[in-house]
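Enquirer: Quick one: the structure is below, and I'll ask about it shortly.
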Amino acid sequence: EAHGLTKTFRVPRSASGSTRLHALDGVDLTVRRGETLGLVGESGCGKSTLARVLLMLERPDAGTVRYDGVDPFTLRGKSLLAWRRRVQMVFQDPFASLNPRMTAGELIAEPWLSHPDLVPRSGRERRVRELLEMVGLRAGDARRHPQEFSGGQRQRIGIARALALNPEVIVCDEPVSALDLSVQAQVLNVLTELQTELGVAYVFISHDLPVVRHVADRVAVMYLGRVVESGPAEEVFTAPRHPYTASLLSAAPRPPTAAPQDGRSRRIVLFGEVPSPTDPPSGCRFRTRCWKAEQVCADTVPADEPAPGAPQHLAACHLPL
Ligand code: SF4
Ligand code: MG
């Protein structure tokens, strides 16, 4: 559970000065055991910074993260190491994230160097073979190097490596966006099957809405460092309440099985560019691009409000759809 996460970075503005980039601004987020939370938004909206905070690779300026009630930023030594095992990461680029000098087997076994008690030395070879088979590779693949595999196979190695520590949460940052379309579904199915089998939760970060719709139980939509809408995936996708979500959905390719378009899912073309995160608009950050904006949107930051009859479906908008 994350509450009020805020993170700014100092960025150079000119030779003489610097400014602050507002990457996260008061983000609340809940990930439940065994579920997939889709984290959606355009590049630069803060998704990756949020992931890095959840993985404790980045300390927030304000706000808290709790896993089972424990703030990992307060942990030290053995308890910190034990916590790190529980939350793992699958990276976007399976070409860059695997060391080409190591074999698949060595790559999968490497996390055990820092967690030597997890799998006894004598059982590691067998466990590597098991993990390879769990992600749809062959036991014999352990001896091959990353460059001998296709992109989809490399991402399977990345997943096996993340699984090596029996995590409870895996943060997947654009895990299929570097892959060919035909391979994406296979890798997504591997993730889905592993979730059913192991009960692992995913924070699934993507700008690709059809992909998120395919995998997510719940979604959170981010815009300029804030979560603007969140809720059960089907509800958010079929009845978006925040104008930004509606615009994203209207621009996304629709699955052939989707319901016929109603008024709400007409194509919406936004005007303007995403404002700079070094100088975000007052009030609602979406107001410079929103066709519904009124004075109140500039004056007051909209609070998260539940949809009528759907208390889990929240939108931060003064004039929700
Ligand atoms: Fe648009 Fe106002 Fe809602 Fe922001 S608060 S999304 S500007 S209507
Ligand atoms: Mg990113």
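Enquirer: Roughly speaking, what % of Cα-Cα pairs in the chain are separated by over 32 Å, rounded to a whole number? Before the final figure, lay out each step's value.
Expert: Numbers: 16876 of 51360 pairs.
Result for the distance tail: 33 percent.
Enquirer: Right, another one. For all pairs of alpha-carbon atoms in the stretch 109-208, what percent lies in each bin of width 10 Å, listed from the first bin to the last filled one?
Expert: So the P(r) values, bin by bin, are 14, 48, 33, 5, 0.
Enquirer: May I pose another question? Which of the lysines could be linked to LYS78 by a straight reach, that is with a Cα gap under 30 Å, when you skip same-chain ones fewer than 8 residues away?
Expert: Of all the lysines, those that pass the test against LYS78 - Cα under 30 Å, at least 8 places apart if same chain - are LYS7, LYS47.
Enquirer: Could I ask something else about it? Using helices alone, what [θ] at 222 nm do you get for the chain, with -39,500 (n - 2.57) per DSSP H run of 4 or more residues, divided over all residues and rounded to the nearest 500? Mind showing how you got there, number by number?
Expert: Numbers: 11 runs with 97 residues, N = 321.
It lands at -8500 deg cm²/dmol.
Enquirer: Label the stretch 271-321 by shape, choosing from rounded, prolate and oblate, from the square roots a ≥ b ≥ c of the eigenvalues of the Cα gyration tensor; if a/c is under 1.5 it is rounded, and otherwise prolate applies when a/b is larger than b/c, oblate when it is not. Walk me through the intermediate numbers first.
Expert: Values: a/c = 2.09, a/b = 2.00, b/c = 1.05.
Because a/c hits 1.5 or more and a/b exceeds b/c, the stretch 271-321 counts as prolate.
Enquirer: Calculate one ³J(HN,Hα) per residue across the stretch 198-208 by plugging θ = phi - 60° into the Karplus curve 6.51 cos²θ - 1.76 cosθ + 1.60, and present them in order as whole Hz with x for glycine and proline.
Expert: Coupling constants for the stretch 198-208: 10, x, 6, 9, 10, 9, 10, 8, 6, 9, 9 Hz.
Laboratory data are not the source of any read-out in this text; all were calculated from the coordinates shown. Here the structure is a predicted model, which means the values were calculated and not measured.
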